[in-house]
Amino acid sequence: FDITASSLLLLLTAPILMVTALLIKLTSPGPVFYRQERVGQFGSTFQVLKFRSMRNDAEKDGTPQWAQKADPRVTTVGRIIRSTRIDEIPQIFNVFRGDMSFVGPRPERPEFVKVLTEQIPFYGQRHTILPGITGWAQINHKYGDTVEDSFTKLEFDLFYLKHLSLSLDLYVIFHTAKVMLLSRG
């Protein structure tokens, strides 16, 4: 399903991908895409691919930072592509490569996973399946940028793992599409 759906979606979103890439290139210096190491299934790491929505020097000191809701590092085009979730579309390439699925726990950075695993019991359980572009936690909880938010999101991730099914995946995809089309969340 992931390979077929990602192939189809890449073809359908190609015009959006091209226009977005052009807008990013014309309005801010730096690369069009943003690659970042994330923790995937069984703790393996991979490079997640997104459109760059922040200044090129967003982490110039080299210290990983949680993204914030009204993050001052976000560019003008970045604000638009974040609110419409267009910045997430390149992750379809990650799904095509097998690093991710469409639905599953969102992958986190290794630096954050280390801290969260030490502070939150059962946090590592979320790595038993492929991470997803969207997930049960994303449609049921606010944007999280604290350990406490991660704990709450883990509760949703564990619920998803326990009730894993095609119908739940379709429900998550439907509600994610609704959020994207209505620019909510």
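The values are calculated or read from the model by the stated rules, or taken from the named source; none is laboratory data. Keep in mind the model is a prediction, meaning the values are calculated, not measured. All Cβ positions, even for glycine, are placed from backbone atoms using ideal geometry, and neighbour counts span all protein chains on display. These accessible areas exclude ligands, DNA and RNA; they are computed on the full protein's heavy atoms, side chains included. Shrake-Rupley method; radii C 1.70, N 1.55, O 1.52, S 1.80 Å.
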### Task
Take the residues in the range 70-85 that are of a type in the set (A, V, I, L, M, F, W, C) and open to solvent by 40 Å² or more (accessible area, probe 1.4 Å), then tell me which one is nearest to LYS50 (Cα to Cα).
ILE80
### Filtered residue count, the range 94-114, keeping only those that are of a type in the set (Lys, Arg) and in a helix (DSSP H, G or I)
2
#### Entry: Number of positions in the range 1-21 that are over 16 Å from ARG85 (Cα atoms) and of a type in the set (A, V, I, L, M, F, W, C)
5
### Task
Pull up the range 1-47, narrow it to residues that are surrounded by 17 or more Cβ atoms within 10 Å (Cβ to Cβ) and polar (S, T, N, Q), then point me to the one that is farthest from THR128 (Cα to Cα).
SER28
### Task
Select from the range 127-185 the residues that are at pLDDT below 85, assigned to a loop (DSSP other than H, G, I, E, B) and under 27 Å from PRO110 (Cα atoms) and list them in ascending order.
HIS141, LYS142, TYR143, GLY144, ASP145, THR146, GLY185
### Neighbours by Cβ (under 7 Å, 6+ apart or cross-chain): first from the range 101-130, closer than 15 Å to PHE159 by Cα; second open to solvent by 40 Å² or more (accessible area, probe 1.4 Å) and at pLDDT below 90
ARG106/GLN138
### Message
Looking at GLY30, GLY43, can you tell me which residue is at positive phi and in contact with a His (Cβ under 6 Å, 6 or more places away or on another chain)?
### Response
GLY43
### Query
In the range 91-119, how many residues are touching a Ser or Thr at 6+ places or on another chain (Cβ under 7 Å), hydrophobic (A, V, I, L, M, F, W, C) and surrounded by fewer than 18 Cβ atoms within 10 Å (Cβ to Cβ)?
1
### Message
Looking at the range 150-161, I want the residues that are open to solvent by less than 40 Å² (accessible area, probe 1.4 Å) and have a partner that is outside any helix (DSSP H, G or I) and of a type in the set (Gly, Ala, Ser) with Cβ atoms under 7 Å, at least 6 apart or on another chain. Which pairs are those?
### Response
SER150/GLY144; ASP157/GLY135; TYR160/GLY135
### Task
Can you tell me which residue among VAL113, VAL48 is touching a strand residue (DSSP E or B) at 6+ places or on another chain (Cβ under 6 Å) and at pLDDT 95 or above?
VAL48
### Summary
Log entry, pairs with first residue in the range 81-93 being assigned to a helix (DSSP H, G or I), second being charged (D, E, K, R), beta carbons closer than 7 Å, six or more apart or on different chains, reads ILE81/ASP87; ASP87/LYS50; GLU88/LYS50; GLN91/LYS50
### Query
Would you pick out the residues in the range 128-144 that are among the aliphatic types (A, V, I, L, M) and open to solvent by 40 Å² or more (accessible area, probe 1.4 Å)?
LEU130, ILE139
